[in-house]
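Below: one structure, written as structure tokens.
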Amino acid sequence: MRTRVVALCGGVGGAKLAYGLSRSLPPEELSIIVNTGDDFEHLGLHISPDIDTVTYTLADAADEAQGWGRADEQWTVMQEIERLGGENWFQLGDRDVALHLLRTQLLRAGNTLTVATAKLAARFGVGHAILPMSNEPVRTVVETDEGELAFQDYFVRRRCEPKTRALRYVGADDARLSPEVTRALDEDNLRGVIVCPSNPYLSIAPILAVADLRVRLRALSAPVLAVSPIVAGLALKGPATKMMSELGAEGGALGVARIYSDFIDALLIDARDAALARECVDADPRLLVGNIVMASRYSRVELARTCLAHLDQLRK
């Protein structure tokens, strides 16, 4: 039986590495567990932003310029919603709306989110397993200096402007890992786990909160490798650096290592942060150095192959 790699993934940055892994491993050797903490219902539709970003990216259908949504999108539906006085703060392109309509229909027909995701991914020609972290709802709530905000209110409507005080993952205590996620993480023939360069608080923490997944990862004999979402002290995308500062965490790539220190074996940091690795030779987790900025499809594949090589070295 072939060995398997499991990737924990959020939106844009994580999806890029998932793309590289999907071009480096056949479908039976890769499972991508995706955050659903930012899922919500909008205009009567079930929206799964991170799942959609991963699906579009793996299908070469994503808008590369903005990092989310579909390429060659049109906005007739949102323009008409605005004209009719509806909410337009969360932008949905026409093609995007079609996907949400079908997902909502599948869920109302009794399909789990895992099954609905697999059916829609197959229609995009994606053969690799894109697995929601749970079929039960888990919702990220950001406690800010202006009060509690649902994730999309904080992230999209308020553009991450309020100061973060704490985060909660509502529903995580009652949510279960799906059978597909449980099988993917089975120790038998598990080559290792890769934590993609996604926001530690908004993308990875909700996954870890489900069914003590963090504890399960800590107990694995297979290696767990994380890729830093922060290069030279700045987040590659999104509010990770801002949130780390507001929550009192240590900054930079070393701060990411501290956040994940209880369950990862190593953190891959960028060459621009190589001094950290030299200063922390005996650090736990280990700090590995490479080129982690994915500016092209080629560099996504190169980073994926670097991660796989490090997993194999960690296994030894």
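The values are calculated or read from the model by the stated rules, or taken from the named source; none is laboratory data. If you're wondering where the values come from, they're calculated on a predicted model, not measured in any experiment. Note: ideal-geometry Cβ built from the backbone for every residue, glycine included; neighbour counts use all protein chains shown. What goes into the accessible areas is simple: the full protein's heavy atoms, side chains included, and nothing from ligands, DNA or RNA. Shrake-Rupley method; radii C 1.70, N 1.55, O 1.52, S 1.80 Å.
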Taking only protein heavy atoms and a 1.4 Å probe, the highest-to-lowest accessible-area order of 77, 138 is 77, 138
Which value, in Å² and to the nearest 10, is the accessible area of residue 289 when all protein chains are kept and the probe is 1.4 Å? 60
Residues of the chain: accessible area per residue with a 1.4 Å probe, Å²: 44
Can you sort 273, 173, 284, 60 by solvent-accessible area, 1.4 Å probe, largest first? 173, 284, 60, 273
Ignoring ligands and nucleic acids, residue 40 exposes an accessible area, probe 1.4 Å, in Å² to the nearest 10, of 40
Given that compact globular proteins tend to follow 2.2 N^0.38 Å, what is the ratio of the alpha-carbon Rg of the chain to that value? 0.96
In nm, what is the difference between 0.36 nm times the number of residues separating residue 101 and residue 216 and their Cα-Cα distance? 37.9 nm
State, as an integer percentage, the relative contact order of the stretch 131-190 based on alpha-carbon contacts under 8 Å between residues 6 or more apart. 42
Over all Cα pairs of the stretch 4-126, the Kirkwood radius sets Rh, and Rg/Rh then becomes 0.98
Whole-number percent relative contact order across the chain, with pairs defined as alpha carbons under 8 Å at least 6 apart: 21
I'd like the accessible area for residue 261: 1.4 Å probe, protein heavy atoms, all chains in place, Å² to the nearest 10. 50
Suppose accessible area is computed on protein heavy atoms with a 1.4 Å probe; arrange 8, 84 from highest to lowest. 84, 8
Near the amide H of residue 71, under 5 Å away, which other amide H atoms are found, from residues 5 or more places off or on another chain, if H is placed in the peptide plane? 62, 63
How much of the accessible area of the chain, in percent, comes from carbon and sulfur atoms when a 1.4 Å probe is used? 49
Over the chain: helical MRE at 222 nm, DSSP H runs n ≥ 4 each giving -39500 (n - 2.57), nearest 500: -10500 deg cm²/dmol
State to the nearest 20 debye the size of the charge dipole of the stretch 263-304 about its Cα centre, where the only charges are +1 on K and R beta carbons and -1 on D and E beta carbons. 280
